[in-house]
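Q: This is the structure I want to talk about, given as structure tokens.
We did not get these values from a lab; they are worked out from the coordinates using the rules stated. Note that the structure is predicted; figures quoted are calculated from it, not measured. Cβ sites come from the backbone with ideal geometry, for glycine too, and all protein chains shown count toward neighbours.
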Amino acid sequence: DVLQSAGDQLPRYVRVNTVMTTVEDAVDYLKRDGFSYLGQACRIDDLTLQRKHFVMDLHLPEVLVFSPKTDFHDHFLYKAGHIILQDKASCLPAYLLNPPPGSHVIDACAAPGNKTSHLAAKMTNKGKLFAFDLDAKRLSTMSTLLLRAGITCQQLANQDFLKVDPDSPQYKDVEYVLLDPSCSGSGMVCLRDNTSSAEQEANPARLASLASFQLRCLNHGLKFPRLKRLVYSTCSIHSQENEDVVSACLQQNPGFRLVSLLPQWPERGLEPLTQCLRASTAKTRTHGFFVALLEKHTDTVNLKQ
Ligand code: SAM
């Protein structure tokens, strides 16, 4: 059926870790390794690739796209931390938050750290990246990943983000927050049997409890006194965890508004939150995903100064 073939043919996305190398050098290495480079994609259809062909992504220039099931786990570039195996949609949050070098940033629910390493790349490994996670085992996987990726600007803490004190002096310069909290995972296409978890029955009580946790995290993230921008993401396709959470948060925090994201992106948040992005196998050739970017009104910032 349609979903099966979509899942089956999800491209293999690779993010170039610009802390260790450049896109140009990674492309050259891959060409010498027997892959043929077709340049930058212009349309979503260009992401449908044969055998050893690859392209640069049309939306995210640090993402390279290969044919489905291309395996990089034993590849030199992966083992050396020059490339990160990460779905294109999950590269959106750090790309859109785009914290500048030297900035202070929080990754609220960080493990296993793919988005943390992407944030560090945006910061050119300069500044302070506070990363929290409740799960010690996932945090230890994360330290290995960050070590291999050459990242040194992070401070990891095995801590409940909801208990992090926004008024603590160590976070006084935090201007950027990435929040990718636990979610139902309903957007993940299972590559083993090519079914999306959404096809399994959505459990209303579980969704409600996840949504309430997500909203608490979001409200908490907005409390850091110098915050400029917060990016919120899930790998869920349920509006209860996405648009509904963001709408409720905006109602409770009138000092913040949504930033209109990538006009050229083919799938928007559900009405009226069309500033946000959605992703899916059908429209963006990725796992199902949602992303919203909140920013503090400048007039509110001025009042506080
Ligand atoms: N951002 C990660 C990445 O890109 O690799 C994936 C994060 S995953 C969707 C959500 C994470 O939130 C899990 O690792 C989970 O342990 C963590 N988590 C759940 N509740 C938390 C809390 N209250 N405080 C901090 N982390 C929490």
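Q: Note down the magnitude of the dipole of the chain about its Cα centre, charges +1 on Lys and Arg C-beta and -1 on Asp and Glu C-beta and zero elsewhere, to the nearest 20 debye.
A: Approximately 600 debye in magnitude.
Q: List the trypsin sites (Lys or Arg not before Pro) within the stretch 125-194 that DSSP assigns to loop and that have no more than 16 neighbouring Cβ atoms inside 10 Å.
A: Here the trypsin sites (Lys or Arg not before Pro) that fit, given the DSSP loop and packing criteria, are 126, 172, 192.
Q: Also, I was wondering about something else. Can you compute the FRET efficiency between residue 298 and residue 163 using 1/(1 + (r/R0)^6), with r the Cβ-Cβ distance and R0 = 41 Å? Round to the nearest 0.05.
A: Calculated value: 0.85.
Q: Most mobile of 32, 257, 15 per a Gaussian network model of the chain (Cα springs, under 10 Å)?
A: Fluctuation is largest for 32.
Q: Helix 204-221 versus the longest principal axis of the chain: what is the Cα-based angle in degrees, 0 to 90, to the nearest 10?
A: Computed tilt is about 70 degrees.
Q: Run the quick spin-label model on residue 257 and residue 76: label points 7 Å from Cα toward the beta carbon, then report their separation in nm to one decimal.
A: For residue 257 paired with residue 76, the spin-label model returns 5.1 nm.
Q: Give the calculated FRET efficiency between residue 23 and residue 203 to the nearest 0.05, with a Förster radius of 45 Å applied to their Cβ-Cβ distance.
A: It comes to 0.60.
Q: Mean residue ellipticity at 222 nm from the helices of the chain, using -39,500 (n - 2.57) per DSSP H segment of n ≥ 4 over the full residue count, to the nearest 500 deg cm²/dmol?
A: About -8000 deg cm²/dmol.
Q: Further question: Round to the nearest 10 and give me the degree value, 0 to 90, for the angle of helix 23-32's Cα axis relative to the longest principal axis of the chain.
A: Between helix and principal axis, roughly 20 degrees.
Q: Which value in Å is the Kirkwood Rh of the chain over different Cα pairs?
A: 19.8
Q: Seen from all sides and averaged, what is the projected area of the convex hull of the Cα atoms in the stretch 172-293, in nm²?
A: Answer in nm², one decimal: 8.0.
Q: How big is the charge dipole of the stretch 2-85 about its Cα centre, in debye rounded to the nearest 20, if each Lys and Arg gets +1 on its Cβ and each Asp and Glu gets -1 on its Cβ?
A: Here the stretch 2-85 has a charge dipole of around 160 debye.
Q: Here is a follow-up. If a/c stays under 1.5 just call it rounded; otherwise compare a/b with b/c (prolate if a/b is bigger, oblate if not). Do that for the stretch 24-181, with a ≥ b ≥ c from the square roots of the Cα gyration tensor eigenvalues.
A: prolate
Q: What's the local net charge at residue 290, with K and R +1, D and E -1, over the other residues with C-beta under 9 Å away?
A: -1
Q: Let me ask another. Report the full-extension gain for the segment residue 173 to residue 33: residue separation times 0.36 nm, less the Cα-Cα distance, to one decimal in nm.
A: 46.0 nm
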